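See below for the structure under consideration.
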Amino acid sequence: MIKETPKHIVAVSAFVLNKIGETLLVKTHNRLDTWEPPGGQVELGEPLDIAVCREVFEETGFIITPIGITGVYYHATKQILSVVFRAKLIGGELTLQAEEIRQARFTKLNSENIDEYITRPHMKSRTLDAMKAEHFIPYETWETNPHHLLGRIDGDH
């Protein structure tokens, strides 16, 4: 019996705070009922940390640096593996560059008002996990032959 190689979509998103503690959220044309952290699909061969920086920049115009991973989630129906990063805002200015983004903004988000912004339960749980995370999962990118570490995010603030 020949087994087929699994094919999953890999997606990334970023929980980003500005200097006054507001959370960066976007609203897409496909999901007008909810706000969510910016992110999207990883391109073939693209490291996850590079993908999350690219997606946030494409969707909002902001430059970030990932700090660490706050959670990994799987959407069984759509076969999407989602990796959520905590990220530090480095610079840039709000510009909606991606066609799928309708709005983007920073908002004072907390566990008491999250339902006013994030209406989809799977996005809410990911965001709450990222908000509450005190420790982050490290992330490394490697190449082989010979083995060479390309990058490491170890959760330092």
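The values are calculated or read from the model by the stated rules, or taken from the named source; none is laboratory data. Everything numeric here is computed off the predicted structure, so don't read it as measured data. Note that we place each Cβ from the backbone using ideal geometry, even for glycine, and neighbour counts take in every protein chain shown. For accessibility, only protein heavy atoms count, side chains too; no ligands or nucleic acids. Shrake-Rupley method; radii C 1.70, N 1.55, O 1.52, S 1.80 Å.
Can you tell me what share of the DSSP beta bridges in the chain is antiparallel? A percent to the nearest 5 is fine.
So the antiparallel bridges in the chain amount to around 75 percent.
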For this session: Specify which residue in the list Tyr139, Leu89, Leu24 is farthest towards the positive end of the charge dipole of the stretch 9-151, using unit charges on the beta carbon of Lys, Arg (+1) and Asp, Glu (-1), about the Cα centre.
Result: Leu24
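Could you work out the Kirkwood radius for the stretch 1-150, taking every pair of different alpha carbons, averaging 1/r and inverting it, reported in Å?
16.1 Å
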Exercise. 222 nm [θ] for the chain, helices only, -39500 (n - 2.57) per DSSP H run of 4+, per residue, to 500?
Worked result: -5500 deg cm²/dmol
For this session: Mind counting lysine pairs for me in the chain? Cα separation below 27 Å, and the two need to be 8 or more apart along the chain or on different chains.
Result: 21
Seminar exercise, completed: Put Ile153, Ile20 in order of accessible area, largest first, probe 1.4 Å, and you get Ile20, Ile153
Exercise. How much of the accessible area of the chain, probe 1.4 Å, is carbon plus sulfur, in whole percent?
Worked result: 53 percent
Exercise. Karplus couplings for the stretch 40-45 from phi (6.51 cos²θ - 1.76 cosθ + 1.60, θ = phi - 60°), rounded to Hz, Gly and Pro as x?
Worked result: x, 6, 7, 7, 3, x
For this session: Would you mind checking the tilt of helix 48-60 against the longest principal axis of the Cα atoms of the chain, expressed as 0 to 90 degrees and rounded to 10?
Result: 30 degrees
Seminar exercise, completed: Length gained, Asp33-Leu96, 0.36 nm per residue minus C-alpha separation, equals 20.8 nm
Seminar exercise, completed: Between the residues Gln79, Gly40, Ala104, the Cα farthest towards the positive end of the dipole of the chain, that dipole coming from +1 and -1 charges on the beta-carbon of Lys, Arg, Asp and Glu, is from Gln79
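Rounded to the nearest 20 Debye, what is the dipole magnitude of the chain about its Cα centre when Lys and Arg each give +1 and Asp and Glu each give -1 at the C-beta?
300 debye
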Exercise. If amide H atoms are built 1.01 Å from N in the plane of the peptide, which residues on other chains or at least 5 residues away come under 5 Å of the amide H of Leu109?
Worked result: Thr23
Exercise. Amide H of Ile64: which non-local residues (sequence gap of 5 or more, or other chain) have their own amide H closer than 5 Å, using H built in the peptide plane?
Worked result: Ile90
Problem set entry | Pair Ser125, His8: separation of 7 Å Cα→Cβ label points (nm) | 1.5 nm
Problem set entry | Integer Hz, Karplus 6.51/-1.76/1.60 couplings in order for the stretch 124-134, x for Gly and Pro | 5, 5, 5, 5, 4, 4, 5, 5, 8, 4, 9
Exercise. Can you give the relative contact order of the chain as a percent, counting alpha carbon pairs under 8 Å and 6+ residues apart?
Worked result: 27 percent
